[in-house]
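Here the structure is laid out as structure tokens; the discussion comes afterwards.
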Amino acid sequence: MPTPVQVALKFKELLFSGRLLLDMLMSTQRVFFGVICGIALAVPVGFLIGWYKDARTFLDPLINFFRALPPIALIPLVIVYFGIDEPAKIIILFYASFFAGVIVMYEGVAQISPIFIKVARTLGATEWEIFAKVIVPLTTPHILTALRVALGVAWATLVASELVAAQQGLGALIQSAGSFFQIDVIYVGIISIGAIALTMDLALRALTRRLIRWQERVESQ
Amino acid sequence: MMRERIIFDRAVVDFQTDQGPLRVVDDVSFTINEGEFVSIVGPSGCGKTTMMNMVAGFVRPTSGQVLLDGTPITGPGQDRGVIFQEYGVFPWLTVEQNILFGMKLQKSRVPQTERESLKDRYLQLMGLGDFAKAFPRTLSGGMRQRLAIARAYATRPDFLLMDEPFGALDSQTRSNMQNLLLDVLQREGKTVMLITHSVDEAIYLSSKIFVVTARPARIKEIIEVPFGYPRHEELHDDSRFVSLKARLRGLVMEEYEAQQRLSIKEV
């Protein structure tokens, strides 16, 4: 077992060799694209399901079916259909992000109180104005929450996605270290994933606070 | 002869339920004239909100018609300001943005140059001047309802439709709000339709009261309130006020009990 000091030294060594930065960059890039694509689809789909009851009856079981499948189980299929290049890895992250995000979105949209829409109508708003001036501001917090949840899930899925013939990336780093029993390198990889995920989450939270100052939040004492 | 503005002509509303159609409003005919303050009083669940929703443009009669200046109502519009019990102030907008919301819509009847001054006017009138830049979450219930009224007034409606507007407020705030409403109406007359189950509120505010029956809602009695405006708190002690209140309460109680029996039957 390596001591924390050994891990810290390894961290420094990998960092200065440039290898670790490259791994971090590759992984962050994959997570970023996976989450962006996943949420880009989760927002309209979640909206559709949350807003239209009929769509919910039809799509809800379908989504829960696919949501339950562990991304790692899909890897062989992904390789068959998408090969082993970059898109294959991003597709796994996209899959995980989409299903995490879509649930948050549609639960959020389904909770929008109809009173605001009613009020906007009585004030003379057209359908488009109701969408742009009422639905969009009310949905923004849910989009941001979906992003945060998807980011968490994507980082958690990263190691699995980099099982697909990845040479670089934090997941690949951990796996190759695992086969050579380099425990200190495994720790470096794990800590890096956690640290980047945490940093991204903090950034998103700061953005959330800026964008939705209006929300009633229960402040902890 | 006063100008007739809202006419219910044999209006019937059936709601579709799993057990078949349910009659909510049954053969209701009445007229609301220009400048009148009409209260609709009846037990909760009797269909009085549905009557308001027809005027607001959210519900269409199954048969008969509801006319606004002679034309059947087909949807909501800026000519009718609606105030709901749950306020419905937009939490993502500041107090002043809430007031400006309706004025800035495509169909706005308020010219651009007048918007700011109109906004300031209602901020002052409703005592919200110090809170212009605040978000609604910092406001009390009474202030939120004042904001909802300011927002409805800002689009310059001819009609004010109110559904239990002060129902969620404590009695002191409620009484303040009633006086504020009377005060604002004194400055800028509107034709008002108020839905309430408070007998006291109905007499204190309105010029005419329609008592409606348990579901399906029919007009049970029309009462002309014998007091002019402006009105003040002392009116509550007037012997005519007290006896009218007793009479009205009797009428409403009968229907309240009928509605209770109806609800028990359904369970």
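Count of segment B:122-142 residues, restricted to those that are assigned to a helix (DSSP H, G or I), more than 12 Å from chain A (Cβ to nearest Cβ) and out of contact with any Gly (no Cβ under 8 Å at 6 or more places or on another chain), is 8. When segment A:132-184 is filtered for residues that are aliphatic (A, V, I, L, M) and either closer than 30 Å to B:Gly102 by Cβ or touching a Pro at 6+ places or on another chain (Cβ under 6 Å) (or both), the ones remaining, listed by number, are A:Ala132, A:Val134, A:Ile135, A:Val136, A:Leu138, A:Ile143, A:Leu144, A:Ala160, A:Ile183. Looking across A:Val78, A:Val119, one residue alone is on the phi < 0 side of the Ramachandran plot, at pLDDT 90 or above and either of a type in the set (Val, Ile, Thr) or crowded, with 21+ Cβ neighbours inside 10 Å (or both). It is A:Val119.
Scanning segment B:186-229 for residues that are surrounded by fewer than 21 Cβ atoms within 10 Å (Cβ to Cβ) and aromatic (Phe, Trp, Tyr) gives B:Phe227, B:Tyr229. B:Ile83 versus (1) touching a helix residue (DSSP H, G or I) at 6+ places or on another chain (Cβ under 8 Å); (2) more than 11 Å from every other protein chain (Cβ to nearest Cβ): which is the lone unmet condition? Looking at each condition in turn, B:Ile83 falls short on (2).
Taking the conditions exactly as written (crowded, with 18+ Cβ neighbours inside 10 Å and under 30 Å from A:Gly178 (Cα atoms)), does A:Leu20 satisfy them or not? Yes: the conditions hold for A:Leu20. When A:Ser17, A:Ser97 are screened for being in contact (Cβ under 8 Å) with a residue 40 or more places away in the chain and within 30 Å of A:Ile186 (Cβ to Cβ), only A:Ser97 passes. Answer yes or no as to whether A:Thr28 is more than 24 Å from the chain's Cα centre (by Cα) and either hydroxyl-bearing (Ser, Thr, Tyr) or part of a helix (DSSP H, G or I) (or both). No; evaluated as a whole, the condition is false for this residue.
Summed over segment A:180-196, the residues that are surrounded by fewer than 17 Cβ atoms within 10 Å (Cβ to Cβ), of a type outside the set (A, V, I, L, M, F, W, C) and not in a helix (DSSP H, G or I) give a count of 0. Where residues in segment A:124-142 are in contact with a Gly (Cβ under 9 Å, 6 or more places away or on another chain) and at the interface with chain B (Cβ under 8 Å from one of its Cβ atoms), which of them is surrounded by the fewest Cβ atoms within 10 Å (Cβ to Cβ)? Out of the qualifying residues, it is A:Leu138.
Each residue in segment B:184-218 was checked for being within 18 Å of B:Tyr153 (Cα to Cα) and small (Gly, Ala, Ser), and 1 of them qualify. Residues in segment A:157-179 that are in a helix (DSSP H, G or I) and in contact (Cβ under 8 Å) with a residue 60 or more places away in the chain: A:Thr157, A:Leu158, A:Ala160, A:Ser161, A:Leu170, A:Gly171, A:Ala172, A:Leu173.
Restrict the check to segment B:166-173 and report whether at least one residue is in contact with a Pro (Cβ under 8 Å, 6 or more places away or on another chain) and either crowded, with 17+ Cβ neighbours inside 10 Å or of a type in the set (A, V, I, L, M) (or both). No. The residue that is surrounded by the most Cβ atoms within 10 Å (Cβ to Cβ), counting only those in segment A:197-216 that are part of a helix (DSSP H, G or I) and polar (S, T, N, Q), is A:Thr208. The numbered conditions (1) of a type in the set (Val, Ile, Thr); (2) more than 14 Å from every other protein chain (Cβ to nearest Cβ); (3) under 25 Å from B:Leu262 (Cα atoms) are all true for B:Thr49 except (2).
Listed by position, the strands (runs of 3 or more DSSP E) inside segment B:1-53 whose residues that are at pLDDT 95 or above and under 15 Å from the mean Cα position of the chain (by Cα) number at least 2 are B:37-41. Considering only segment B:54-72, state which residues are under 19 Å from B:Asn33 (Cβ atoms) and assigned to a strand (DSSP E or B). Matches in segment B:54-72: B:Gln65, B:Val66, B:Leu67, B:Leu68, B:Thr71, B:Pro72. Residues in segment B:162-212 that are part of a helix (DSSP H, G or I) and of a type in the set (Val, Ile, Thr): B:Thr173, B:Val184, B:Val199, B:Ile203. Of everything in segment A:94-116 that is within 11 Å of another protein chain (Cβ to nearest Cβ) and out of contact with any helix residue (DSSP H, G or I) (no Cβ under 6 Å at 6 or more places or on another chain), the residue that is surrounded by the fewest Cβ atoms within 10 Å (Cβ to Cβ) is A:Pro114.
The values are calculated or read from the model by the stated rules, or taken from the named source; none is laboratory data. All values reported here derive from a predicted model rather than from experimental measurement. Cβ: placed from backbone, ideal geometry, glycine included. Neighbour counts: every protein chain shown.
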